[in-house]
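Just below is one structure, and these are the notes that go with it.
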Amino acid sequence: MVRLSGPEATVVAGKLLTNYASPVPRQATLCHLLDNQAQLVDEVVATWFQAPRSFTSQDVVEISCHGSPVILRYCVQRAVECGARLALPGEFTLRAYLLGRIDLPQAEAIRDLIDSTTLYQAKVASQQLGGSLSRRIAPIKFQLVELISRLEAGIDFAEDDVSVAPADELLARLAPVTTGVSKLAASFQFGRIVHDGFSLAIVGKPNVGKSSLFNALLEQDRAIVTDIAGTTRDLVTESAAIEGIPVRFVDTAGIRESNDLVESLGIERSHQAMADADLTLVVYDATSGVDDETLALRDRGRHLLVANKCDLASSTHPEAIPVSAATGENLDLLRRRILEAIAPAGLLEVQDGFLTSLRQKTLLDEASQNLDRARQAIESNIPHEMLLLDLYTALRAIDGVSGATTADDILNRIFSTFCIGK
């Protein structure tokens with residue numbers, strides 16, 4: 001599809017296509033795309049979405065060609081020759097935002113929807129596109145504006161006996177705003193995982209079945225598996241998804257004392273992978289039992305202890321998750337435990353509005369800090385004029401999430417990450 005947007009969209013389409021001189025809004029029309037010698041290049045279907053009932057709130061003409069890249073490129077070339085210009089990355093979405101068709105969280109949700117690699121990510125992005133985050137912010141902003149209005153009225157009309165509320169009432173009005181902002185900022189911990197996924201390192205001593213477990217979780221033979229200790233000498237990485245959450249699996253070299261230079265370098269990288277991972281699976285061979293050296297690996301960060309080859313063992317460490325990479329026993333249990341370790345139970349249900357970008361999180365952190373300063377000002381009986389400075393600063397930060405006070409350079413950074421044509 002080739003999309004034209006702007007006041008002259010139908011004029012350009014009329015020059016570009018035959019049989020499109022008098023289009024009817026929202027009605028598909030069969031047209032011919034011709035070359036400079038009036039020879040047929042393609043039969044296309046053109047649809048005019050009249051402003052403001054379009055994605056960008058401008059006149060939009062969508063030209064559906066057959067799927068050849070050659071035809072699409074030629075259609076774009078002819079459109080430029082007829083008076084159009086190439087769109088910048090994200091320019092259609094930017095126009096929709098600037099003309100009030102969508103707000104900034106919805107614009108960012110479009111980018112997330114385009115970039116989604118799992119169905120769960122797409123569902124979350126679609127919900128955000130529907131305005132779930134904006135709806136969650138709206139009551140918080142309303143309560144803050146009410147508090148600011150109360151203070152402004154008391155200051156500006158003191159001579160008319162409009163009294164400023166006492167400190168207890170101000171604190172009571174401020175508390176739900178502070179709580180709402182804090183909870184929304186905390187949602188970024190899960191939103192980041194949904195948006196970016198997480199990394200999972202599989203570590204342990206040689207020959208405990210790390211590579212076999214790696215392959216079993218991926219459901220493909222990605223890592224080489226042998227009975228020879230030290231087969232894996234470098235990091236092996238692969239991406240997959242668990243319940244729609246992207247996961248970067250990292251298989252590591254077996255950790256032990258070694259005089260082999262290459263194996264030692266691999267072991268060093270194993271320790272680095274543990275440090276970089278969001279979660280580590282510390283694996284041991286259930287038939288041999290767990291030793292202190294393996295248990296010591298649990299102190300390196302968030303982890304799960306995994307007893308592999310449980311089908312061949314009668315008992316395992318009480319803290320361990322018993323699995324068998326060979327038979328697949330308890331692999332589904334392990335996947336559930338991995339998700340529970342990363343995201344508390346219940347969070348995998350599609351949430352009603354949460355933060356997915358660092359920009360949003362930074363702004364709400366700023367708002368939270370200013371609201372906390374406002375609380376301290378109220379408790380310290382600081383003049384209300386000074387209190388208002390903190391409240392207005394918090395309001396600007398909250399408005400920045402929705403784009404009401406977003407600077408042009410920030411908009412340019414956001415929309416430059418879109419693909420061309422969106």
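Using the Cβ-Cβ distance between LEU312 and GLU243 with R0 set to 30 Å, the FRET efficiency from 1/(1 + (r/R0)^6) comes to roughly 0.55. If you plug the beta carbon distance of VAL11 and ASP115 into 1/(1 + (r/R0)^6) with R0 = 30 Å, you get a FRET efficiency near 0.30. Applying a threshold of 31 Å to the alpha-carbon distances of LYS183/LYS205; LYS205/LYS361; LYS15/LYS123; LYS361/LYS422 flags LYS183/LYS205; LYS205/LYS361; LYS15/LYS123 as lying beyond it.
By count of other Cβ within 10 Å, fewest leading, how are ILE382, ILE140 ordered? Walk me through the numbers on the way to the answer.
Values: ILE382 14, ILE140 20.
Least to most surrounded, the residues fall as ILE382, ILE140.
Residues with beta-carbon under 14 Å from that of MET386, excluding MET386: net charge, scoring Lys, Arg +1 and Asp, Glu -1?
Counting the neighbours of MET386, the net charge comes to -2.
From the coordinates of this entry, P(r) over Cα pairs in 10 Å bins from 0, in percent is computed, and it appears in (i) 4, 22, 32, 26, 13, 3, 0; (ii) 5, 23, 34, 27, 10, 2, 0; (iii) 4, 17, 18, 17, 18, 15, 9, 2, 0 under the label (iii).
Between ASP196 and ALA326, the modelled label-to-label distance comes to 4.0 nm, taking each label 7 Å out from Cα in the direction of the beta carbon. Local charge for GLU319 was computed over the other residues whose Cβ lies under 13 Å away, with Lys and Arg +1 and Asp and Glu -1, and equals +2.
Extending 7 Å from Cα along the Cβ direction at GLN376 and again at ARG135 yields two label points whose distance is 3.7 nm.
Taking 0.36 nm per intervening residue step and subtracting the Cα-Cα distance, what contour gain separates ALA51 from CYS419 on full extension?
Working: separation 368, 0.36 × 368 = 132.48 nm, distance 2.37 nm.
Stretched fully, the ALA51-CYS419 segment lengthens by 130.1 nm.
From the alpha carbon centroid of segment 78-105 to that of segment 11-62 is 17 Å.
Among beta bridges identified by DSSP and lying wholly in the chain, the antiparallel ones come to about 55 percent. Residues in segment 238-247 carry Karplus couplings, in order, of 7, 10, 8, 9, 10, 6, x, 9, x, 10 Hz; the curve used is 6.51 cos²θ - 1.76 cosθ + 1.60 with θ = phi - 60°, and Gly or Pro positions show x. Sorting VAL323, VAL12 from the fewest to the most surrounding beta carbons within 10 angstrom yields VAL12, VAL323. Cβ crowding within 10 Å, taken as a proxy for footprinting-reagent exposure, orders CYS310, CYS419 from fewest neighbours to most as CYS419, CYS310.
Here the calculated FRET efficiency for GLU81 and THR362, from their Cβ-Cβ distance with R0 = 60 Å, stands at 0.85, rounded to the nearest 0.05.
Restricting to DSSP H runs of at least four residues, report the calculated mean residue ellipticity at 222 nm for the chain, -39500 (n - 2.57) per run over all residues, nearest 500 deg cm²/dmol.
Values: 15 runs with 197 residues, N = 422.
Per the formula, -15000 deg cm²/dmol.
Values quoted throughout were computed directly from the atomic coordinates according to the rules given, and no laboratory measurement underlies them. What you see is a predicted model; the values in this text were computed from it and never measured. Cβ atoms come from the backbone with ideal geometry, glycine included; neighbour counts cover every protein chain shown.
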